[in-house]
Amino acid sequence: AQSVTQLGSHVSVSEGALVLLRCNYSSSVPPYLFWYVQYPNQGLQLLLKYTSAATLVKGINGFEAEFKKSETSFHLTKPSAHMSDAAEYFCAVGLTGGGNKLTFGTGTQLKVEL
Amino acid sequence: EAGVVQSPRYKIIEKKQPVAFWCNPISGHNTLYWYLQNLGQGPELLIRYENEEAVDDSQLPKDRFSAERLKGVDSTLKIQPAELGDSAVYLCASSSRLGEGGEQFFGPGTRLTVL
């Protein structure tokens, strides 16, 4: 079985500051890892994914994440926050041999302040 | 390319009433998913279809929930009868890649309120 823990249900940063959203996973086999973003009243949109290629993954809108097997982490970062980044972010894990079943974390609400 | 379409976007019903949600996936996507998203939580898989076959429905409460995907395209999720605890957002997603690691594309969801 797999699980995802997102530390911090709410994160607040100033515009232009570093964004760091934390995700730790648990899985018994090599995982696939995803970050999705959800804007109010919309569905989830894929930001980036790790599928056993490069450990540093670059996504859309300037976001990137690094897969660290030793720490079982897949934290999401962006060097400089923009007001338009305010949204809810979900980390998800899928397993090799598990079909396309994803297990999502509980989400982190990102607030960007002037 | 059109995205995943869901209707209705919002639904308010009385408890014990039936309700149905409809999903049209992205054209050519063989895999379709229904998720339940409670307030402040991440999506939880209810059922996954490969074409018209339900390959994972282990999390679907079969006493009141049912789903179908006729002809392997559109899908309908039904609740009968609805309970207060069913108030949530119901998300539909689709993907094209067989196997694993493929991106799931999500619709905007149907927000259900049960009074």
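The values are calculated or read from the model by the stated rules, or taken from the named source; none is laboratory data. Only a predicted model underlies this, so the values are computations on that prediction, with no experimental measurement involved. All Cβ positions, glycine included, derive from the backbone under ideal geometry; neighbour counts span all protein chains shown. For accessibility, only protein heavy atoms count, side chains too; no ligands or nucleic acids. Shrake-Rupley method; radii C 1.70, N 1.55, O 1.52, S 1.80 Å.
Observations, loosely collected:
- Segment A:1-28 residues that are assigned to a loop (DSSP other than H, G, I, E, B), paired with ones that are open to solvent by less than 30 Å² (accessible area, probe 1.4 Å) and among the aromatic types (Phe, Trp, Tyr) (beta carbon under 9 Å, 6 or more apart): A:GLN2/A:TYR25
- Every test in (1) within 14 Å of another protein chain (Cβ to nearest Cβ); (2) at positive phi is passed by B:LYS71 save one, and that test is (1).
- Subset of segment B:61-115 that is among the hydroxyl-bearing types (Ser, Thr, Tyr) and surrounded by fewer than 16 Cβ atoms within 10 Å (Cβ to Cβ) - its residue that is nearest to the chain's Cα centre (by Cα): B:THR76
- In segment B:8-19, the residues that are of a type outside the set (D, E, K, R) and open to solvent by 50 Å² or more (accessible area, probe 1.4 Å): B:TYR10, B:ILE12, B:GLN17, B:PRO18
- Boolean, B:GLY85 is in contact with a strand residue (DSSP E or B) (Cβ under 9 Å, 6 or more places away or on another chain), assigned to a loop (DSSP other than H, G, I, E, B) and not aliphatic (A, V, I, L, M): no
- Filter result for A:SER80 (of a type outside the set (Lys, Arg), surrounded by fewer than 19 Cβ atoms within 10 Å (Cβ to Cβ), more than 12 Å from chain B (Cβ to nearest Cβ) and over 27 Å from B:ASN51 (Cα atoms)): yes
- Residue match in segment A:64-76 (condition: within 11 Å of chain B (Cβ to nearest Cβ), buried (at least 21 other Cβ atoms within 10 Å of the Cβ) and not acidic (Asp, Glu)): no
- Enumeration of residues in segment A:49-92 that are over 18 Å from A:HIS10 (Cα atoms), touching a residue at least 24 places away in the same chain (Cβ under 8 Å) and under 9 Å from the mean Cα position of the chain (by Cα): A:ALA65
- Residues in segment B:20-33 that are of a type in the set (Ser, Thr, Tyr) and open to solvent by less than 50 Å² (accessible area, probe 1.4 Å): B:THR31, B:TYR33.
- Those residues of segment B:14-30 which are at pLDDT below 95 and either touching a helix residue (DSSP H, G or I) at 6+ places or on another chain (Cβ under 8 Å) or under 19 Å from B:SER66 (Cβ atoms) (or both), in sequence order: B:ASN30
- Residue count for segment B:88-115 under the criterion of being of a type outside the set (A, V, I, L, M), in a strand (DSSP E or B) and within 10 Å of chain A (Cβ to nearest Cβ): the result is 5.
- Of all residues making up segment A:29-47, the number that are open to solvent by 20 Å² or more (accessible area, probe 1.4 Å) and either in a strand (DSSP E or B) or under 26 Å from B:ARG9 (Cβ atoms) (or both): 8
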